[in-house]
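> One structure, pasted below without further comment.
Here, each number is a calculation from the coordinates, and none is a lab measurement. Note that the structure is a prediction, hence the values are computed from the model and not measured. Here Cβ is always computed from backbone atoms with ideal geometry, including for glycine, and neighbour counts include all displayed protein chains.
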Amino acid sequence: MIPGHKVLAAGTPNKRVYQEGEVDQIVTIVWLPSILLAEHGARLVILRYPAPDMEASNDMVKRIAAARNIPYVSALDFIPKTEFEDIYHLNPHGSGMFTEALGPALGRELSRLRGN
């Protein structure tokens, strides 16, 4: 969204590790508006992005989402690091893998939510 951002950010990955309290606060900030969404028939769903080396963070978000009854969807738990252009962005083949897995994963979760 920012022209030239890859050049500006090249070689400066954010390796900050969030603590559980920080993630809990972020999820809470998102969770509160979800109550308003529910009044209009909508539901907040957290989608896991399969970034490499993020397993601990994803487990933390999944646990916090479960504690707040927020659906957590994982379309693809693992994509090899070779499918990433950098530490965040999938290459074209990796994007295809993720996109192919995303539809069925969201479909299953939405079906489950409609059943509740």
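> For region 37-114, what is the convex hull volume of its Cα atoms per residue in Å³?
Convex hull of Cα atoms, per residue: 95 Å³.
> Then there is this: Provide the packing ranking of 60-68, 38-46, i.e. peptides ordered by the mean count of other C-beta atoms within 10 Å per residue, highest first.
Those peptides, ordered most packed to least, come out 60-68, 38-46.
> For a quick check: sort I79, I70, I87 by the number of other beta carbons within 10 angstrom, fewest at the front.
Taking fewest neighbouring Cβ atoms as first place, the list is I87, I70, I79.
> Related question: Based on the Cβ-Cβ distance of A66 and E22, what FRET efficiency does E = 1/(1 + (r/R0)^6) give at R0 = 25 Å, to the nearest 0.05?
0.90
> Now for a different question. For region 45-50, in order, what is each residue's ³J(HN,Hα) by Karplus, 6.51 cos²θ - 1.76 cosθ + 1.60 with θ = phi - 60°, in whole Hz (x at glycine and Pro)?
These are the phi-based 3J(HN,Hα) values: 10, 8, 9, 7, 9, x Hz.
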